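What follows is a single structure, written as structure tokens, with notes after it.
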Amino acid sequence: MSKSHSKKDYKRTMKTYAGEVNTLHREALGKKISTILVFEGPDASGKGGIIRRLTSALDAPNYDVIAVAAPTDEEIRQHYLWRFWRYLPRAGYMTIFDRTWYGRVLVERVEGFASEDQWGQAYSEIIDFEKQLIEHGILLLKFWINVTKEEQLERFDARKRTPHKRWKLTDEDWRNRNNWEKYSVAAHDMIQKTSTAVAPWTIIEGNNKMYARARVMESVCGALEDAVAD
């Protein structure tokens, strides 16, 4: 968790990765290779900042960012995966999920919104779901952005002190923090049970934001390069 980037190295590498990811995604678009990026992690882990740096390098018409919140009344009446099927990308396009179907085994498990039978069954359902995506030719990348409890508190305090960032800090964030240990256990189970050979989790050391952003960009570039080469 102590890994970091200097500002000079960060600017240089991010400029390189930005050019690469733009070129590679345009190649993927031409070959109709769709991409799904999954981002999970504790509150204030930096998911939004990573996504902003990534999308700033892409052509706006070619991607969608889906910020997942609590399900609507309509979505609650359906199977929990239903609302994610609706947002799968068109051929060659990219869909980026800021929180995902893994809410079933994270927040719904910890907060009691799903029964033990329901979230226990979800592991195999999610594995099957992701296998179908990959068999359909979709490039699926899953990122867990990890921060320590101490780093999260520093970021919460920074948000509280910064007027234009205060809106990001909610009572729900503090309540989730009080359940840190429960969420840590749930995250451990999730990664252990759903990191498969075809859809592995990439765990990003996120205490240093610059390092985390560069690591994700590097991973996306590498995966796209392999996909278009095949």
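Give me the lysines in straight-line cross-link reach of K32: C-alpha distance below 25 Å, same-chain residues under 8 apart excluded. Filter leaves K131, K142.
Computed about its Cα centre, the charge dipole of the chain is approximately 1180 debye, with only Lys, Arg, Asp and Glu carrying charge at their Cβ.
Between I126, V65, H136, the Cα set farthest toward the positive side of the dipole of the chain (charges on each charged residue's Cβ, about the Cα centre) is that of V65.
Counting only residues at least eight positions apart within a chain, or on another chain, the aspartates and glutamates with an alpha carbon under 19 Å from that of K193 are E40, E108, E116, D117, E125, D128, E130, E181.
With n ≥ 4 as the cut-off for DSSP H runs, can you work out [θ] at 222 nm for the chain, using -39500 (n - 2.57) per run divided by the number of residues, rounded to the nearest 500? Display every interim value, and only then the final one.
Working: 10 runs with 122 residues, N = 230.
Here the helix-only value at 222 nm equals -16500 deg cm²/dmol.
For the chain, the convex hull drawn through the C-alpha positions has a volume of 135 cubic angstrom per residue.
Identify the trypsin sites (Lys or Arg not before Pro) of the stretch 62-93 meeting these criteria: DSSP loop state and at most 11 other C-beta atoms within 10 Å of the C-beta. Please report the intermediate quantities before stating the final value.
Details: sites: R77, R83, R86, R90; in loops: R77, R86, R90.
Counting only loop positions with at most 11 other Cβ atoms within 10 Å, the trypsin sites (Lys or Arg not before Pro) in the stretch 62-93 are R77, R86.
In straight-distance terms, cross-link reach from K165 covers every one of the aspartates and glutamates whose alpha-carbon lies under 17 Å from its own, apart from those fewer than eight places away in the same chain; here that gives D43, E151, E154, D157, D173.
Which of M14, W82, A199 sits farthest toward the positive end of the charge dipole of the stretch 7-229, with +1 on the Cβ of Lys and Arg and -1 on the Cβ of Asp and Glu? The one lying farthest along the dipole's positive direction is M14.
Every number in this text was worked out from the coordinates using simple rules, so none of it is lab data. It should be emphasised that the depicted structure is a prediction, and the values quoted were computed from it without experimental measurement. Virtual Cβ from ideal backbone geometry, glycine too; neighbours counted across all protein chains shown.
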